[in-house]
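Remarks on the structure that follows.
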Amino acid sequence: MIEKIFLSFFIFVNFIFSQYSTTDFPKENTFFNFEEDIQLWKITPIKNNCVKEVNFSNEKYIGGKRSLEIKLENYGEGSVEKEFFKDLSVYKNIIFNIYIPKEAPDDIKICFFLQDNEWLWYQTPLFSLKKDQWNKITINVEPQSTFWENIGHSQPWSEKTICNIRKIGIKIFFNTNFTGSIYIDEIKGSFKVFPEISTNKKKILQFEKFEISFFLPQKYSNPFDPEEIDVKGVFIDPDDNTISIPGFYYQEYERFLENGEEILVPVGYPYWKIRFTPEKVGRYKFFVCLREYDKEIKTDINYFIVEPIETKNKFIKVSKTDNRFFSYKSGEFFYPVGFNIRSPTDERYAKMMRKNVDPDNGTFYYEYIFKKMKENGINFTEVWMAPWFSALEWKENRPGYRGVGYYNLRNAWKIDKIIEFAEINDIYIQLVIINHGQLSTWCDQEWQDNPYNIKNGGFLKSPNEFFTNERAKRLLKNKLRYIVARWGYSPYIFSWEILNEINLVGDSHNFYLGEEITKWYKEMKEYLNEIDPFAHMVTAHYTILVDNKILSDIIDYTITNGYYDFRRSNLPTFFKNIYSFNSYFKKPTFISEYGGTPMGSSFENLKRDIIMGLWFSFHLPFAGTPLFWWHRFIDEFDLYYIYKIFSEYIKGIDRLKSPVETEIINVEGEGKDQIFSIGTGNRFFSSILLYDYSITKDMTRGDFSEYSNLICFLKNKKPGKFKVEFYNLEKGKIEEKEVLSDEKGNLKIEIPPFKKWIAIKVNFYE
């Protein structure tokens, strides 16, 4: 609603700045000062025109030495006009200066008219004028202006009209006999001088988005190039710290579904925005700065008020308490639980399920699935800015793309909506900026369509050059700047993943082993650190386990793939190996893609992988759950409940306040040799996963033994009472009991009958 009001009634802004730091920026342009003979107007050829003569005069004038004299005789209507081939779209007002002598009739009135290149007439209302003085009349010419009435046709005043004016004129009306002159001088246009701005609010809540919107009158060959036009907002917080935020070029869209496909339609004209999230309570000052080539303009300082809210700081960081985990910036523990939603459609999933590819319902899909995620305790996902969905740059083979250096505003609006739905549903997003295929000639190769490719009009012969060419690096920095400007305000941007699956890029299988990518990643990470005032984390992604400086020195946390073939390995062993390797880097780590092999698996095996992926990884010091790749699988078979059970189980478990270590677990009873276990705990708490080893094989056989009369023994507990909860991983909590530990801290837990798997949560309470 705010956007539509802004677009429809932009003239009614919340406030207007009118003073600038430079004086050379033009505020007005003089159309007619009547100092040149070619500026002489002519009498309009209408019947009974009261204008008898038009000349220059030095009797009355404002600037220069003369004005336009219009001699009137008798009474009725008079009219003069002049060819006026102008694009008025860069102007806010036309200003007329008219002198009426004291002898003129009291009922004299004037109106103004314009004609466009289709010979359509537009006329203002009548203006009453004061006699014996110059009258300054200012008339708004913006598309939303209500001054201009269409005469003799039904086409309204619009952007189309104001861009194509061909004639200007003045009409004079009086009903009393009069012989004498009126004078016209200094007809000017006042520019839509930057910035005539609107803000979304004057009072906002802490961690809420503060947004500035404005048009710029100039037309830029590339509004995405900060060398041509650089806009930023400068904010001064209550402690007098200064935060600078880049502005960005924006287009509003409307969306609807047609046969399941999302259709986007542009609304209004493009304009500019600045977005900022205040983290402190109090009075913020701000101003907006424009640098256009060698000119700089600053607005006066204004302010807005930030009111407190009872919530934690929503931005996520690596925990200062334990660098294996994440926390909110305010220090509270944050544990990501989610799955990967790289884009709405998935051709590999359709192939795996032997079905047609689902329609691309775009942001409608994210709106729907984020709601389902929130309802089931899911708080995290990964989204790709891939060419087929939401990239900013690409070859001109899909709507909105214009090649190198020009950004797809349709796709940018999609990311806006995805973040909006994420904020509503408390979903954090790991945003992938470049997917590997864009820069690969051999794996999921898309280099053949990359606009940087010289064959597509670009300037790079190979994807390898993308990492070393200075022009390519400058263009990427421009894009990163736009990304930070547009989405960096949001706490729900968990991190920037500059490039995913790094070992799959280039024009050879071993290109990633060179130093080029490492130097490039370091340069881009440092640039993000420089321009991102909210210091979002930055990560990188390999599909394999590697040891290099990107992982050890540059990024904030590590991620990798967890695809495996159950015929050669098993998920618990595979996950253990991943954690063991990545723990070397002494930073948070988790798995960002998994679920069978890269080509999938059977229904039973994929469902097993969801369950074991969640529960087994939780019992290792991973910083979050692994992200299951096949999101359409989860939705199609309504498997959200698996996450709900898991989220209910881990609720209240805080690994920063109550650190845990690997638990020594002893299971006794019939069938114990088939039961495998993993657990974590301390003197006051334990979490244990027991599972039938046969579930790590092929699940399609569907027949599993039931285990009963098993007993679990724990040591080193605090003497006293413990609440013990048992969870069936597919049904939820099945039993709760009270158990006493002995004076030596030994705890004996009788396990209810189960098949396949069971989780046990143990909490001391007295």
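The values are calculated or read from the model by the stated rules, or taken from the named source; none is laboratory data. Please read these numbers as outputs of a predicted model, since none were measured by experiment. Cβ: placed from backbone, ideal geometry, glycine included. Neighbour counts: every protein chain shown.
Candidates are the residues of the stretch 668-697 that are in a strand (DSSP E or B) and free of Cβ contacts under 8 Å to residues at least 60 places away in the same chain; the one that is nearest to residue 726 (Cα to Cα) is 677. Among residues of the stretch 360-378 that are farther than 15 Å from residue 648 by Cα, those with a Cβ under 6 angstrom from a residue that is among the basic types (Lys, Arg), sequence gap 6+ or separate chain, pair up as 363/414; 363/417. Residues of the stretch 695-731 that are within 16 Å of residue 758 (Cα to Cα), exposed (fewer than 15 other Cβ atoms within 10 Å of the Cβ) and not hydrophobic (A, V, I, L, M, F, W, C): 705, 706, 708, 709, 730, 731.
The one condition from (1) outside any helix (DSSP H, G or I); (2) buried (at least 17 other Cβ atoms within 10 Å of the Cβ) that residue 177 does not meet is (2). Can you name the residue in the stretch 187-233 that is outside any loop (DSSP other than H, G, I, E, B) and of a type in the set (Phe, Trp, Tyr) and, of all such residues, is farthest from the chain's Cα centre (by Cα)? Within the stretch 187-233, the match that is farthest from the chain's Cα centre (by Cα) is 191. The single condition among (1) touching a residue at least 24 places away in the same chain (Cβ under 8 Å); (2) loosely packed, with under 15 Cβ neighbours inside 10 Å that residue 640 does not satisfy is (2).
As for the stretch 95-111, it holds no residue that is surrounded by 14 or more Cβ atoms within 10 Å (Cβ to Cβ) and touching a helix residue (DSSP H, G or I) at 6+ places or on another chain (Cβ under 8 Å). The set of residues from the stretch 340-372 being surrounded by 15 or more Cβ atoms within 10 Å (Cβ to Cβ), under 23 Å from residue 562 (Cβ atoms) and acidic (Asp, Glu) comprises just one member, 346. Look at (1) more than 30 Å from residue 360 (Cα to Cα); (2) within 21 Å of the chain's Cα centre (by Cα) and you find that residue 236 fails only one, number (2). Among the listed residues 477, 455, which satisfies the condition of being assigned to a helix (DSSP H, G or I) and free of Cβ contacts under 8 Å to residues at least 12 places away in the same chain? Sole residue among the options that is assigned to a helix (DSSP H, G or I) and free of Cβ contacts under 8 Å to residues at least 12 places away in the same chain: 455. Count of the stretch 106-136 residues, restricted to those that are assigned to a strand (DSSP E or B) and closer than 13 Å to residue 96 by Cα, is 8. Restricting attention to the stretch 325-339, the residues that are of a type in the set (D, E, K, R) and either within 22 Å of residue 637 (Cβ to Cβ) or surrounded by fewer than 15 Cβ atoms within 10 Å (Cβ to Cβ) (or both) add up to 1.
Here residue 765 meets each of (1) of a type in the set (Ser, Thr, Tyr); (2) buried (at least 19 other Cβ atoms within 10 Å of the Cβ); (3) more than 14 Å from residue 689 (Cβ to Cβ) with one exception, condition (2). Do you know which residues across the stretch 713-748 are under 20 Å from residue 645 (Cβ atoms) and assigned to a strand (DSSP E or B)? Passing the criteria: 723, 724, 725, 726, 727, 728, 732, 733, 734, 735, 736, 737. A count restricted to the stretch 48-61 and to residues that are more than 16 Å from residue 175 (Cα to Cα) and loosely packed, with under 15 Cβ neighbours inside 10 Å stands at 5.
Residue 129 meets each of the listed conditions (1) in contact with a strand residue (DSSP E or B) (Cβ under 6 Å, 6 or more places away or on another chain); (2) modelled with pLDDT under 95; (3) over 23 Å from residue 60 (Cα atoms) apart from (3).
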